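Asks: I have a structure here, written as structure tokens, and I will follow up with some questions on it.
Read-outs: derived from the displayed coordinates by stated rules, not from any lab. Bear in mind that the values here come from a model prediction, so they are computed numbers and not experimental data. When we count neighbours, we look across all protein chains shown, and the Cβ atoms used for this are built from the backbone with ideal geometry, even at glycine.
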Amino acid sequence: MINRNSGFQNLSAGYLFPEIARRRKEYLASHPGAKIISLGVGNTTEPLPECIARKMSDYVLGLATKEGYSGYGDDYGLTSLRERIAEVFYPGFISGDEVFISDGAKCDIARVQTLFGSHVRVAVQDPAYPVYVDGSVIFGAAGKNNGSGYEGITYMPCIPENNFFPDLSKIQKDSLIYFCSPNNPTGAVSTKSDLKKLVDFANQNGCIIIFDAAYREFIRDESLPKSIFEIDGSRTCAIEINSFSKPAGFTGVRLGWSVVPKELRYADGSSVHQDWSRIMATLFNGASNVAQYGGLACLEPDGLAAMRSVIDYYLENAAIIKKTVEGDNFRARGAEVYFTGNSPYVWVKFPGKKSWDVFDEILDKCRVVTTPGSGFGPGGESFIRISAFGHKEDVVEACARLSSF
Ligand SMILES: *Cc1c(COP(=O)(O)O)cnc(C)c1O
């Protein structure tokens, strides 16, 4: 018989979202017909802008004609899309051939681990988006979960006490550092000077940063960096991962990209860009052409304006949520609210309480589903994440209920 990939033996059960679903079901069983509103998951809810959907549909109909048909495309994506992404998001500092088009950020985060093998050291922000840790465990880059995290992974607490920017001195030399800004789940955005510290640390200590910028378009404060490549020195120490999922509602369409600068090197001096090209050609076969034409449509002037207005809609939801959880009833419970207006997540701390207990209490009293912060790592304990992805009327209704929490 064939042995199981030993990484799977180390992986703890996927706990967070199945457990949320279980508790929700249990609540419904004892309160039949109750209308629960979910502000729990990070899934987009608003329709695609029509100008973007129409270009995809035109392209699809073209595929039904002799002239318009095309089969496999370039493994790295349409040249026009790679160039347009470079021009719109990285003007003057990244070239089109450093951009690789994919089927989404999560898939790229998984593939990127194949570049470094199973012996690489890993450091993550704590709390963090689960794929950084779970993917590392599957690839064998971590050991068993000893209850306070996986052996071999350095957890860097990102908490109010350090303004959500970690103590870098905890990171070992030659580590892969996963870093997400604007952050899921905390909503925190690192400043330019913070990212400069991160980049300098990485360059001095042989580290590579995997920078997840999936929420960059939610940044409204012009002084905050939207890309790691805005920081001097980043071209020798960083890979950026991004996606159309959150800004354009492409969670179901599936389209993302990675940026690997040509200067990035391994310890032996060989080129990461070259290996990444090889991975994309070998393990991936190019993103959907329909999605890529959708991506091009997003980056035309009307598409960019449409994306911005959908994000504004979610940011308005977030502002409504923030105002609610800053209310007297939350303050009386000791709640501390963290939200700067640059992400779709409001992060709320209930000092001395367990995240799951707060989750249960809110579900029970308000019939609103949130996400327990502890599900994102030990550093998320005592917090809950409230998501602004939802129809405005549902958010307003949920907030009315929370006002009497
Ligand atoms: C939603 C999300 C992504 C996007 O993943 P896709 O696979 O592109 O849909 C990536 N990173 C973070 C932190 C996210 O929350």
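Asks: Using a 7 Å offset from Cα along Cα-Cβ at residue 145, what residues in region 1-45 end up with backbone N under 20 Å from the label point?
Replies: Within reach of a label on residue 145, which here means backbone N under 20 Å from a point 7 Å along Cα→Cβ, region 1-45 contributes 4-24, 41-42.
Asks: Still on this structure, please answer the following. Lysines near residue 25 by alpha-carbon distance under 17 Å, same-chain residues fewer than 8 away left out - which ones?
Replies: List returned: 35, 365.
Asks: Rounding to the nearest 20 debye, state how big the charge dipole of region 345-405 is about its Cα centre with +1 on each Lys and Arg Cβ and -1 on each Asp and Glu Cβ.
Replies: Values: 8 positive and 8 negative charges, 29 e Å.
That gives a dipole near 140 debye.
Asks: Considering the convex hull of the alpha carbon atoms of region 193-309, report its projected area averaged over all viewing directions, in nm², one decimal.
Replies: Numbers: hull surface 33.5 nm².
Averaging across all directions leaves 8.4 nm² for the Cα convex hull.
Asks: Here is a further query. Largest first and in whole Å, what are the equivalent-ellipsoid semi-axes of region 279-405 based on the Cα gyration tensor, each being the root of 5 times an eigenvalue?
Replies: Details: eigenvalues 236, 78, 29 Å².
With the √(5λ) rule applied to region 279-405, the semi-axes are 34, 20, 12 Å.
Asks: Size of the dipole of region 165-292 about the Cα centre, Lys and Arg at +1 and Asp and Glu at -1 on the beta carbon, nothing else charged, in debye to 20?
Replies: Values: 14 positive and 14 negative charges, 38 e Å.
I would put it at about 180 debye.
Asks: What whole number of Å gives the distance from the Cα centroid of region 155-214 to the Cα centroid of region 286-325?
Replies: 26 Å
Asks: Can you classify region 173-235 as rounded, prolate or oblate using the Cα gyration tensor, where a ≥ b ≥ c are the square roots of its eigenvalues, rounded means a/c under 1.5, and otherwise it's prolate if a/b beats b/c and oblate if not? Could you put the intermediate results ahead of the total?
Replies: On the way: a/c = 2.36, a/b = 1.60, b/c = 1.47.
Verdict is prolate for region 173-235.
Asks: For the modelled label position 7 Å from the Cα of residue 51 along Cα-to-Cβ, which residues of region 275-295 have backbone nitrogen atoms closer than 12 Å?
Replies: So the set is empty, nothing qualifies.
Asks: So if I restrict to the alpha-carbon atoms in region 100-150, what is the Rg, and what is Dmax, the biggest pairwise distance, in Å?
Replies: In Å, with Rg to one decimal and Dmax whole: 11.5, 37.
Asks: Ok, one more. Who wins for biggest fluctuation among 217, 326, 393 in a Gaussian network model of the chain, springs between alpha carbons below 10 Å?
Replies: Residue with maximal mean-square fluctuation among 217, 326, 393: 393.
Asks: Please compute the Kirkwood hydrodynamic radius of region 1-115 from all pairs of different C-alpha atoms, in Å with one decimal.
Replies: 19.8 Å
Asks: Subtracting the Cα-Cα distance from 0.36 nm times the residue separation, let me have the gained length for residue 332 to residue 35 in nm, one decimal.
Replies: Numbers: separation 297, 0.36 × 297 = 106.92 nm, distance 2.65 nm.
Result: 104.3 nm gained on full extension.
Asks: Can you tell me how much longer the chain between residue 270 and residue 63 gets when fully stretched, taken as 0.36 nm per residue apart minus their C-alpha distance, in nm with one decimal?
Replies: This chain segment gains 70.5 nm when fully extended.
Asks: Only four residue types carry charge here, +1 at the Cβ of Lys and Arg and -1 at the Cβ of Asp and Glu. Report the dipole size of the chain about the Cα centre in Debye, rounded to the nearest 20.
Replies: Working: 42 positive and 47 negative charges, 183 e Å.
The calculated dipole for the chain is roughly 880 debye.
Asks: Can you classify region 43-109 as rounded, prolate or oblate using the Cα gyration tensor, where a ≥ b ≥ c are the square roots of its eigenvalues, rounded means a/c under 1.5, and otherwise it's prolate if a/b beats b/c and oblate if not?
Replies: Numbers: a/c = 1.75, a/b = 1.28, b/c = 1.37.
It comes out oblate by the Cα gyration axes.
Asks: Same structure again: Quick one: among 361, 222, 50, which has the greatest mean-square fluctuation in a GNM of the chain with alpha-carbon springs under 10 angstrom?
Replies: 222
Asks: Follow-up question, since we're still on this one. Taking the alpha-carbon centroid of each part, what is the distance from region 387-405 to region 82-136 in angstrom?
Replies: 33 Å
Asks: Further, regarding this structure: Please state the shape class of region 6-59: rounded when a/c is under 1.5, otherwise prolate if a/b exceeds b/c and oblate if not, all from the C-alpha gyration tensor.
Replies: Numbers: a/c = 4.23, a/b = 1.39, b/c = 3.05.
It comes out oblate by the Cα gyration axes.
Asks: What base-10 log of the normalised intensity I(q)/I(0) is obtained for the chain from the Debye formula, alpha carbons as equal point scatterers, at q = 0.09, 0.11, 0.14, 0.15 Å⁻¹?
Replies: Here log10 of I(q) over I(0) equals -0.56, -0.84, -1.33, -1.47.
Asks: Sticking with this one: Take each uninterrupted DSSP H stretch in the chain, measure its Cα extent along the helix axis, and return the ones at 30 Å or beyond whose mean Kyte-Doolittle hydropathy is at least -0.5.
Replies: Working: long enough: 301-325 (36 Å, 0.25).
Helices passing the filter in the chain: 301-325.
Asks: Over all Cα pairs of region 117-222, how is the pair count split among 10 Å bins, expressed in % and running from 0 up to the last occupied bin?
Replies: Taking all Cα pairs of region 117-222, the binned fractions are 14, 49, 31, 6, 0 percent.
Asks: Among 304, 61, 224, determine the one that fluctuates most according to a GNM of the chain built with springs between C-alpha atoms less than 10 Å apart.
Replies: Checking each option, the largest mean-square fluctuation is seen for 61.
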